[in-house]
């Protein structure tokens, strides 16, 4: 065992007890790069960890997660800020040109398009009933029904949703 200043050498079970976590968490840490003194190979050979090294690794992981890997270099931060400002300006320009839209506008347009399709498809039965009444030839029946469905879909595709959206 090492002295307390340098941490203690413990196995997986000991490490889980020191940090109050499950053995599966220790395994996850190892996969993410947790420092290991000795890897257990085969039966009877325990993994060994230095508690001080693991503690330092956990602190570094927490700092990296909290900062989101933000660089410390002021020049890098300035470049990053300029890049963000440029991207924002390009996005605003694209929006003014009508090349991009708000997600809410897109969702509303999609809902209207699906509503038009639904309405046109549901009206097929009403339009087709007189044409199909008394029809006994299966091929003719299918052709007429198919023509009505195609008409319903084409009508939906031709509907001008932009005018409807602007009216709102």
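Those residues that are in a strand (DSSP E or B) and at pLDDT 90 or above, I need them from the stretch 2-50; list them, please. Spell out how you get there, then give the answer.
Our first condition is that a residue be in a strand (DSSP E or B); within the stretch 2-50, this holds for 9-10, 38, 48-50.
Matches in the stretch 2-50: 9, 10, 48, 49, 50.
Tell me the residue from 109, 94, 89 that is surrounded by 10 or more Cβ atoms within 10 Å (Cβ to Cβ) and either touching a helix residue (DSSP H, G or I) at 6+ places or on another chain (Cβ under 6 Å) or assigned by TED's automatic domain parsing to the domain that holds residue 158 (or both), please.
Values: 94 fails: either touching a helix residue (DSSP H, G or I) at 6+ places or on another chain (Cβ under 6 Å) or assigned by TED's automatic domain parsing to the domain that holds residue 158 (or both); 89 fails: either touching a helix residue (DSSP H, G or I) at 6+ places or on another chain (Cβ under 6 Å) or assigned by TED's automatic domain parsing to the domain that holds residue 158 (or both).
109 is the lone residue from the list that is surrounded by 10 or more Cβ atoms within 10 Å (Cβ to Cβ) and either touching a helix residue (DSSP H, G or I) at 6+ places or on another chain (Cβ under 6 Å) or assigned by TED's automatic domain parsing to the domain that holds residue 158 (or both).
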query = Which condition number does residue 20 fail, the rest of (1) surrounded by 13 or more Cβ atoms within 10 Å (Cβ to Cβ); (2) on the phi > 0 side of the Ramachandran plot being met?
reply = (1)
message = With the structure loaded, tell me whether residue 131 is in contact with a helix residue (DSSP H, G or I) (Cβ under 7 Å, 6 or more places away or on another chain) and surrounded by 11 or more Cβ atoms within 10 Å (Cβ to Cβ) or whether it fails that test.
response = yes
ask   = Looking only at helices (runs of 4 or more DSSP H) that fall completely inside the stretch 64-168, which ones have 2 or more residues that are at pLDDT below 90 and under 30 Å from residue 32 (Cβ atoms)?
value = 74-96
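Quickly run through the stretch 88-124 and pick out the residues that are more than 14 Å from residue 155 (Cα to Cα) and touching a residue at least 40 places away in the same chain (Cβ under 8 Å).
At the first step, the residues of the stretch 88-124 found to be more than 14 Å from residue 155 (Cα to Cα) are 88-111.
Those that are more than 14 Å from residue 155 (Cα to Cα) and touching a residue at least 40 places away in the same chain (Cβ under 8 Å): 105, 108, 109.
The values are calculated or read from the model by the stated rules, or taken from the named source; none is laboratory data. Keep in mind it's a predicted model, so treat the numbers as computed, not measured. As a convention, Cβ positions derive from the backbone with ideal geometry for all residues, glycine included, and neighbour counts pool all protein chains shown.
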